[in-house]
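The values are calculated or read from the model by the stated rules, or taken from the named source; none is laboratory data. None of these values were measured; they are calculated from a predicted model. Neighbour counts run over all protein chains shown; Cβ positions are idealised from the backbone, glycine included.
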Amino acid sequence: MQDSEHSSPDQRVMPLIAETAVSGTAYSFDMLFSYTVPERLAADIACGCRVLVPFGRGNKRRIGVVMKLSEGDGRGLKSLVSLVDDTPVISGELLGLAFYLHDQTFCTYFDGVKTMLPPAMSVSAKETFRLVKNFTGTASLSREAAELLELLSVTDGGKALNELIEKHIIDNGRRLTDELCDAGALDSDNVFRQTVGDAAVRMVRLSDEYTASPERFSLTVKQKAVADFLGEYGTAAVKEAAYMCGVTEAVIKRLCATGAAEEYEAEVLRRVEDHADEVRRPGDIVLSEEQQRAHDAVYAQLSEKKPAVFLLHGVTGSGKTSVFEKLIDDTVNMGRQAMLLIPEIGLTPQILKRFRSMFGERVAVIHSGLSMGQRLDEYKRIKRGDADIVIGTRSAVFAPLDNIGLIIIDEEGERSYKSDSSPRYNTHDVAKQRCACHGSVLLLASATPSIESYYLAERGAYRLLEMKERYRNAPLPEVSIVDMNLERGEGNRTEFSRRLAEEISANLKNGEQSILLLNRRGYHTIISCCDCYQPVYCPNCSVPLTYHKKNNRLMCHYCGYISDPVTVCPSCGSERLKNMGFGTQKLEEELSMFFPTARVLRMDADTTFSRYSYEKNFTDFRDGKYDIMIGTQMIGKGLDFPNVTLVGVLSVDKALYAGDFRSYERTFSLITQVVGRGGRGDSRGRAILQTFIPEHYIMNLAAAQDYKGFYNEEIAIRRAMIFPPLCDMCIFCFTADEDITVRLGAEAVLRLMNARLKALQPKTPVRVLGPVRCSYGRINGRYRYRIIMKCKNTAEMRGFISGILTEAAKLKEMKNVSLYADMNGDVGV
Ligand code: ADP
Ligand code: ZN
Ligand code: ZN
């Protein structure tokens, strides 16, 4: 018989090693960091658990996620501190997806996993210390530790103590503090702090006390302004109130602290449910012949349980949503799960109401307008299996479903499906990856598919489905092009052609609704100098400040800078300043001049700071509380307003010259979609397209709603110029505090690239363009340059890019420069 102590299998087994994605690393030195797993954690640890690890020279605590577990030689490795979760928060499939994101989008491993979790679960670690009272072991401490303890004992504890320790650790590492903890002189606690989340739905209202007796509160001028505003409007989103009163959010915080007002969270979910009054049954959907054909093709594939991609090209009003409903019902009836992705948060209430009325509580919703708590609840409902239908915006593609049958991407050509912060993924690619894993169908749908998707459909990589008629054969709106040059020539200086003015009058008379679309570019009012011709710029960004009449302030839409209107030109000192550009605000003035009785709803960044008012406005418009809605692209897409019979498109010409290769596509899509909002009810829709370039083929193709014609023109240009989808385009974006710093950095990286490319000699040609200043050369105080690389997105090329990013960080010219790479990202920013 052997001594059981020595025969324990544990003795022979190699230690567990956890390869961990660690938070707060930079791409250039990121990797999976290996830690040994202490025995007390070995039973509970699993891949997908969050852990606390010691990191760097100071061994500061950081959050990580276990990506791989193996047995190995643990010598020289640090040991994990603790487990945050005792069951994985990320499934094996999603961990695989994190590796995919790391490989495809040049993000850190941690950014890859973090994006799978609702924001409330991205905790950060904070360590706090306490001195142990009556500690008696000083004699056994090293001299240095005893000195440190002496120093700590004279603080009055709490905050001062912790600040001192933090500073000590940064300067000297953890050796002494660890010694004190081990000896029992110090106690340490790891507090997991949840990151503070989405402010978008934080609301504010006056307190009852204030409403009853305002004189009992002594408020500052700014606080009083907010209180008066709330007195008039009732409630508002915090952001909105700050905006309207021209104050920072801190003023509102302090107002609440006086007890005069209170903050609360808008309950987006409950509000939506309240509206779901009628109950519809999936069995009641009767598809038209065309809809049925599209449905049947996808259904056949669903039954196969093999991955495939369909592109559903259906004209506006063809009833794509009905096809989705039927297919989603089929999918859940097969015991599988379905996901419906939509491009904009503003579309969720309408679509959610529709799906809740049919599928009830089985529908979960994920988008950034929900509070952190709501997002966490929905996440848990999905994880538990209580919800088998997920509706949401881009990030919902990571929903923790485990048996996906169908993923639908509606309005698939929208750029919002491409993430513009790390991880810089494209939703289509992630969805494909998940479909491959689950053997599921990906259904892309739009009236104006992206050139990329249609190209793939043409080449047979996607299966093309078409719906060419509107539901119930409602005719497409009748579109007229109005030449604004003629209007000007005949002395009409307003933004309304006579034709459009007549049509609006007619609609007002008939009690029908109208939509007016403006382009975002050039609709802002800016202040410009009559002597030096300079606009008044934001001090932090190379963007002119926008004048907002509602609050009489100049504002920067990029960094949030606010100032009072200026009276003197900052460039030359001249006092001859004038308002330039044409905003919705100015348009509104002209509208009220022409149509004094019309009820006008303005939808733009000014009025829609909060998601809350965004939804409310659309609902009010739909319910007939307004006659006319004016706004930018946000009103153009996806919404169904049965009483709209007139669509006016004003000033979108400039959008054609936005300076990137997608501007034609964007403009065509915008016009086609907004025109398609009209005539969905019983009466035929009309659309008026005002332009200074009436002969331009984009205007004519959009007026004819001829997507195929547009596609043919556009793909020919892309082919001739070699733009996506004929190649891939990787954007390298450089930023720094000084213009010269970022330029020298970008030039150094360019030299590095060229040298490496020579050695690499890739199979397909690579073209490097730049560096050039970005369209917005400075944002938030940071100067920006970019290099564009036309290439093929192959494993070899990605290896090359990853290598450049890593090596660039070591160049002395890059010392103060940040750099990221964005595969097929946007060029126009
Ligand atoms: P799309 O998204 O293709 O532009 P929608 O899905 O918004 O079109 O449909 C347009 C209108 O036609 C909606 O009001 C919708 O309710 C109606 N509709 C479409 N298909 C059907 C159907 N099979 N049964 C009943 N109504 C339908
Ligand atoms: Zn000037
Ligand atoms: Zn700015």
Number of positions in segment 524-559 that are in contact with a Lys or Arg (Cβ under 9 Å, 6 or more places away or on another chain) and near ligand 2 (Cβ under 10 Å from one of its atoms): 4
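So that you can scan it fast, the table gives a plain yes or no per residue for (1) modelled with pLDDT under 85; (2) under 30 Å from the mean Cα position of the chain (by Cα); (3) of a type in the set (Phe, Trp, Tyr); (4) farther than 27 Å from ASP103 by Cβ:
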site	(1), (2), (3), (4)
VAL13	yes, no, no, yes
ILE17	no, no, no, no
SER23	no, yes, no, no
MET31	no, yes, no, no
VAL37	no, no, no, no
LEU52	no, yes, no, no
ARG61	yes, yes, no, yes
PRO88	no, yes, no, no
Boolean, THR448 is at pLDDT below 90 and either closer than 23 Å to SER416 by Cα or surrounded by fewer than 21 Cβ atoms within 10 Å (Cβ to Cβ) (or both): no
Scope segment 673-701; condition in a helix (DSSP H, G or I) and either in contact with a strand residue (DSSP E or B) (Cβ under 7 Å, 6 or more places away or on another chain) or within 16 Å of ligand 2 (Cβ to nearest atom) (or both); matching residues: VAL674, VAL675, MET699
Members of segment 269-287 that are small (Gly, Ala, Ser) and either exposed (fewer than 10 other Cβ atoms within 10 Å of the Cβ) or modelled with pLDDT of 95 or more (or both): GLY283
Options ASP660, ASP627; residue that is surrounded by fewer than 18 Cβ atoms within 10 Å (Cβ to Cβ) and farther than 21 Å from LEU486 by Cβ: ASP660
Among (1) surrounded by fewer than 22 Cβ atoms within 10 Å (Cβ to Cβ); (2) of a type outside the set (Ser, Thr, Tyr); (3) in contact with a strand residue (DSSP E or B) (Cβ under 8 Å, 6 or more places away or on another chain); (4) part of a helix (DSSP H, G or I) - the single one ASP420 does not satisfy: (4)
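Can you tell which of ARG62, ARG40 is touching a strand residue (DSSP E or B) at 6+ places or on another chain (Cβ under 9 Å) and over 30 Å from VAL749 (Cα atoms)?
Matching residue, one of ARG62, ARG40: ARG62.
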Output for segment 663-688, where each listed residue is aliphatic (A, V, I, L, M) and crowded, with 24+ Cβ neighbours inside 10 Å: ILE671, VAL674, VAL675, ALA687, ILE688
Residues located in segment 82-98, provided they are β-branched (Val, Ile, Thr) and surrounded by fewer than 16 Cβ atoms within 10 Å (Cβ to Cβ): THR87
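For every residue, the table says whether it meets (1) within 36 Å of the chain's Cα centre (by Cα); (2) within 16 Å of ligand 1 (Cβ to nearest atom).
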position: ARG463; (1), (2): yes, no
position: ARG470; (1), (2): yes, yes
position: ASN473; (1), (2): no, yes
position: VAL479; (1), (2): yes, no
position: GLU495; (1), (2): yes, no
position: GLU502; (1), (2): no, no
position: ILE527; (1), (2): yes, no
position: GLN534; (1), (2): yes, no
position: PRO539; (1), (2): yes, no
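Conditions tested, residue by residue: (1) within 16 Å of ligand 1 (Cβ to nearest atom); (2) outside any helix (DSSP H, G or I).
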position	(1), (2)
GLY317	yes, yes
ARG354	yes, no
TYR379	no, no
ALA387	no, yes
VAL397	no, no
ILE407	no, yes
SER416	no, no
First in segment 533-550 and within 16 Å of TYR243 (Cβ to Cβ), second anywhere and more than 10 Å from ligand 3 (Cβ to nearest atom) and of a type outside the set (D, E, K, R), Cβ under 6 Å, 6 or more apart: LEU545/VAL536; LEU545/LEU554; THR546/HIS524; TYR547/THR525; TYR547/ILE527; TYR547/LEU554; LYS549/GLN585
Qualifying residues in segment 777-804 (those that are more than 16 Å from ligand 3 (Cβ to nearest atom) and hydroxyl-bearing (Ser, Thr, Tyr)) - the one surrounded by the fewest Cβ atoms within 10 Å (Cβ to Cβ): THR794
Residue satisfying condition, being more than 31 Å from the chain's Cα centre (by Cα), touching a residue at least 24 places away in the same chain (Cβ under 8 Å), surrounded by fewer than 16 Cβ atoms within 10 Å (Cβ to Cβ) and not in a helix (DSSP H, G or I), within set ARG57, ARG75: ARG57
Any hit, segment 706-713, residues being in contact (Cβ under 8 Å) with a residue 60 or more places away in the chain, assigned by TED's automatic domain parsing to the domain that holds LEU646 and of a type in the set (Ser, Thr, Tyr): yes
